[in-house]
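Comments concern the structure below.
The numbers here are math on the coordinates, done by the rules we state, and not lab data. This is a predicted model, so every value here is computed, not measured. Glycine also receives a Cβ, built like all others from the backbone with ideal geometry; neighbour counts cover every protein chain displayed.
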Amino acid sequence: MKYISTRGLSEPRSFKEAVIEGLARDGGLLVPESVPDFSSQLERLKDLSYQDLAHQIFIPFVDGELDEKTLKQLINASYQTFNHKNITPLRFTESVAILELFHGPTLAFKDIALQFLGNLFENLLSSSGAALNIVGATSGDTGSAAIHGVRGKKGITIFMLHPKGKISPIQEKQMTTVLDENVVNIAIDGTFDDAQRIVKDLFNDLEYKDQHSLGAVNSINWVRVMAQIVYYFYAAFRFREHSPDLPLVFSVPTGNFGDIYAGYLARKMGLPIEKLILATNENDILYRVITTGQYKIQQVCSTISPSMDIQISSNFERFLFDLVGNDAKEIRSMMGELGSKGEFKLSPGQADDARKIFHPVRVNTEQTLATIAKYHKNGYTIDPHTAVGVAAAEQSPFNSAICLATAHPAKFGDAVIKATGEEPDMPALLDGILTKRSRCQVSSQDLIQIKGIIDEKLSTQ
């Protein structure tokens, strides 16, 4: 299996090269040259444990570059850190099924991919003797999950950028209280989009990237997407056991498009998903592009679901690549227009094709709070991002849906209190976290200043 760039100007990469490099050298995103078809294997896969299912789904993407024993060991080690035996349990409520993705060490769905990616990085580096300096941007959960995935690992240093004052206090503490010497947190004066732009600029400076051995943990890294495909299959099998006659519909709170893109790939791989509900908050660029065909950047507004406060959804480029028939030239044109004009347009046919897969729903803050309050009254507390997905499902024309619960409600206590008047239960993993000592540097959006922070850290190693 080779991995090709959405922009078509980079040489195909092996799986290991795709993992280490993260972003293609032409600025595009790496995608597998083909997607395996599991449609005839669903019966064989449906009773597997989560770990064994992950192993089966990963095999064609890894394509022999890791032996099966090593791959199994990495998977098992990654999910030993989860506090539920099923890893991603499915909970049924009166109106929807909720896929709980928050049972990992940082209580967010990002753990599912980043625990594995951290172990994979360590394995690849130990065999080569090389070092890797990871640079990432986070709107909240990616940062803590990535840091916890690589903290203390030999040969790895991580630099994580987050928008200052625009993530929840617990999200910030989950990052900044990790004091391992290989962890550097950077708060920038700006938005997540600004942080993401800086990361892309670093990777597009190929001389700097090569000189400093930069690697990526954001969902631009293919493994992030690959690992998330698994829980769509796992949830579908559990849902079929409970409701064999209902259609498969997933509702996904969506920001950077990585999570829902994994669902799109699961569908492409043969999982009979009827529709993917694309749920956005007020930062609704993805809702607008699916409904109108126009992708146009607007001002980011702060909401109670901050991990979705995004206007530039990087993984949408991967879907676009499929939508235009793998025409890299057209992708380069679209991304060029986005860079110069802040917008591009889909053709009417492309927009129609997108709507055959995605059902977009926009959910505002009032609706989000009302959904949290309703479920809390019925004995089940959800975080505001999950509430966006649940509200979208309830507004959709579908009779049932599997809603992705992306974070533990305790990570967003202020929103829960505002909706319910009560504090969410605090899991043991978060005991005392708000009073722990923190370490974080503050920076402007200046690329030179960020490079200076990286250079200073690496010069002392």
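Which chymotrypsin sites (Phe, Trp or Tyr not before Pro) in the stretch 47-81 pass both tests, a DSSP loop state and at most 15 other beta-carbon atoms within 10 Å?
The qualifying sites: there are none.
Given a cut-off of under 8 Å on Cα pairs at least six residues apart, what relative contact order in percent is computed for the stretch 158-215?
Worked out over the stretch 158-215, it gives 40 percent.
Find the eigenvalues of the gyration tensor of the Cα atoms of the stretch 1-138, then list the square roots of 5 times those eigenvalues as equivalent ellipsoid semi-axes, largest first, in whole angstrom.
Calculated on Cα positions only, the semi-axes equal 28, 19, 17 Å.
Scan the stretch 328-434 for GluC sites (Glu not before Pro) in coil per DSSP, keeping those whose Cβ has at most 15 other Cβ atoms within 10 Å, and list them by number.
The qualifying sites are 422.
My understanding is that a pair violates if its Cα-Cα distance is over 23 Å; which of 209/457; 164/374; 110/296; 46/72 do that in this structure?
As for pairs spanning more than 23 Å Cα to Cα, those are 164/374; 110/296.
Given a cut-off of under 8 Å on Cα pairs at least six residues apart, what relative contact order in percent is computed for the chain?
19
Please give the calculated 222 nm ellipticity per residue for the chain, where each DSSP H segment of at least 4 residues contributes -39500 (n - 2.57) and the sum is spread over every residue; nearest 500 deg cm²/dmol?
Per the formula, -14000 deg cm²/dmol.
Net charge near residue 296: determine it from the other residues with C-beta under 10 Å of the C-beta of residue 296, scoring Lys and Arg +1 and Asp and Glu -1.
+2
Tell me, which longest segment in the chain has none of the trypsin sites (Lys or Arg not before Pro) that fall in DSSP loops with at most 15 further Cβ atoms within 10 Å?
Between the exposed loop sites, the longest stretch runs 155-435.
Once label points are set 7 Å from the Cα along Cα→Cβ at both residue 337 and residue 298, what is their separation, rounded to one decimal in nm?
Placing both labels 7 Å along Cα→Cβ, they lie 1.9 nm apart.
Multiplying the sequence separation of residue 451 and residue 73 by 0.36 nm and subtracting their Cα-Cα distance, what value in nm do you get?
My answer for the length gained is 132.5 nm.
Give the order of 385, 359, 55 when sorted by the count of other beta carbons within 10 angstrom, beginning with the fewest.
The most exposed by this proxy come first: 55, 359, 385.
Applying the Karplus parametrisation 6.51 cos²θ - 1.76 cosθ + 1.60 with θ = phi - 60° to the phi angles of the stretch 98-108, what ³J(HN,Hα) value in whole Hz is obtained for each residue in order, glycine and proline being reported as x?
10, 8, 7, 10, 10, 9, x, x, 10, 6, 8
Check residue 359: other-chain or 5+ apart residues with amide H under 5 Å from its amide H, H built from backbone geometry?
Amide H to amide H, under 5 Å and 5 or more residues apart or across chains, residue 359 pairs with 276, 277, 278.
Rounded to whole Å, give me the distance from the Cα center of the stretch 306-344 to that of the stretch 82-108.
When both Cα centres are located, 31 Å separates them.
Hey, what's the per residue convex hull volume over the C-alpha atoms of the stretch 152-270, in cubic angstrom?
158
For residue 200, what is the net charge nearby, where nearby means another residue's Cβ is under 13 Å from its Cβ and Lys, Arg count +1, Asp, Glu -1?
Charge balance near residue 200 sits at -2.
Please report the antiparallel percentage of DSSP beta bridges with both residues in the chain, rounded to the nearest 5.
Close to 25 percent.
Give the dimensionless ratio obtained when the Cα radius of gyration of the stretch 18-78 is divided by 2.2 N^0.38 Å.
So the stretch 18-78 has a normalised radius of gyration of 1.32.
Tell me, what HN-Hα J-couplings in whole Hz come from the Karplus equation 6.51 cos²θ - 1.76 cosθ + 1.60 at θ = phi - 60° for each residue of the stretch 65-71, using x for Gly and Pro?
6, 10, 5, 4, 5, 5, 4
In sequence order, what are the phi-derived ³J(HN,Hα) couplings for the stretch 233-244 according to the Karplus relation 6.51 cos²θ - 1.76 cosθ + 1.60 with θ = phi - 60°, rounded to whole Hz, with x for glycine and proline?
Karplus values, whole Hz, x for Gly and Pro: 4, 4, 5, 4, 5, 5, 5, 5, 4, 7, 9, x.
What lysines could a cross-link reach from residue 377, if we take a straight Cα to Cα line under 20 Å and drop same-chain neighbours fewer than 8 places away?
Reachable lysines: 411, 418.
Around residue 273, with a cut-off of 13 angstrom between Cβ atoms, what is the net charge of the other residues, counting Lys and Arg +1 and Asp and Glu -1?
With Lys, Arg at +1 and Asp, Glu at -1, the neighbours total +4.
Based on other C-beta atoms within 10 Å, arrange 252, 324 from fewest to most.
Starting with the residue having the fewest Cβ neighbours, the order is 324, 252.
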